[in-house]
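Only one structure is covered here, and it is reproduced in the block below.
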Amino acid sequence: MGFFDKLFGGKHDAAPKFSGEKMTVMAPIDGTVIPLEQLPDETFAAAILGPGCGIEPTGDTVYAPFDGTITQVASTLHAIGITSDDGIELLIHVGMDTVEMQGKGFTALVKEEQKVKAGTALLKVDLDAIRAANHPTTTAVIVTNADDLPKLHIIAGGIVSTGTPLFKFE
């Protein structure tokens, strides 16, 4: 163990760090936060599926935004459903109209019913493949059971790193 390891508590890896805040959804991917109403898909923009926000991704990996259970991995691999240990049901939908890609450009790293910790890698994404297919890469982060939860507050804006608190419920 070197001097810096002793000073800073060990070697640092590239995995994102997540704090264990209750009723908080962390950014699942690096990028820029976009208000829900600006998403390039009317169903998401009108909050038909629920409130949340978008992220214009710069990273190529989607991570678990909290401790929970994978409830759905779309057969076309473009979307993941996850439920937090404290009851938040979240849809992470990578790109718009990416269902048409039939899984090309996506690699699932988890299975349905799998328990995950915040920061677990869920999905690898080829943003260039999405762009080549003429689809927006904007990723929707949507709470599908918001009516059963306290009020949602968006707490992040601008450029975010994976693991940054995105929104919370109070």
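The values are calculated or read from the model by the stated rules, or taken from the named source; none is laboratory data. In this text, all values refer to a predicted model and were calculated from it rather than measured experimentally. Don't worry about glycine lacking a Cβ; one is built from the backbone with ideal geometry, like all the others, and counts go over all protein chains shown. Heads up: the accessible areas ignore ligands, DNA and RNA and are worked out on the full protein's heavy atoms, side chains in. Shrake-Rupley method; radii C 1.70, N 1.55, O 1.52, S 1.80 Å.
Numbers below:
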{"read-out": "Residue within segment 59-74 that is in a loop (DSSP other than H, G, I, E, B) and β-branched (Val, Ile, Thr) present", "value": "no"}
{"read-out": "Residue count, segment 101-120 (criterion: closer than 23 Å to Pro40 by Cβ and either open to solvent by 80 Å² or more (accessible area, probe 1.4 Å) or in a loop (DSSP other than H, G, I, E, B) (or both))", "value": "4"}
{"read-out": "Thr32 being more than 20 Å from Leu149 (Cα to Cα), part of a loop (DSSP other than H, G, I, E, B) and either touching a helix residue (DSSP H, G or I) at 6+ places or on another chain (Cβ under 8 Å) or open to solvent by 10 Å² or more (accessible area, probe 1.4 Å) (or both)", "value": "no"}
{"read-out": "Segment 42-86, residues that are touching a residue at least 60 places away in the same chain (Cβ under 8 Å), open to solvent by less than 30 Å² (accessible area, probe 1.4 Å), of a type in the set (A, V, I, L, M, F, W, C) and under 22 Å from Glu112 (Cα atoms)", "value": "Val62"}
{"read-out": "Scan of segment 57-91 for residues that are more than 10 Å from the chain's Cα centre (by Cα) and polar (S, T, N, Q), ordered by number", "value": "Thr58, Thr69, Thr71, Gln72, Ser75, Thr76, Thr83, Ser84"}
{"read-out": "Residue, nearest to the chain's Cα centre (by Cα), within segment 147-163, restricted to residues that are under 13 Å from Gly31 (Cβ atoms) and open to solvent by 30 Å² or more (accessible area, probe 1.4 Å)", "value": "Ser161"}
{"read-out": "Residues that are of a type in the set (A, V, I, L, M, F, W, C) and over 20 Å from Thr144 (Cα atoms), drawn from segment 85-111", "value": "Met101, Phe106, Ala108, Leu109, Val110"}
{"read-out": "Criterion: open to solvent by 50 Å² or more (accessible area, probe 1.4 Å), on the phi < 0 side of the Ramachandran plot, at pLDDT 95 or above and under 17 Å from the mean Cα position of the chain (by Cα) - qualifying residue of Thr138, Thr144, Thr98", "value": "Thr144"}
{"read-out": "Test: residue in segment 133-147 that is out of contact with any strand residue (DSSP E or B) (no Cβ under 7 Å at 6 or more places or on another chain), farther than 15 Å from Gly59 by Cα and part of a helix (DSSP H, G or I)", "value": "yes"}
{"read-out": "Criterion: closer than 14 Å to Ile34 by Cα and open to solvent by less than 30 Å² (accessible area, probe 1.4 Å) - qualifying residue of Leu90, Leu123, Leu166", "value": "Leu166"}
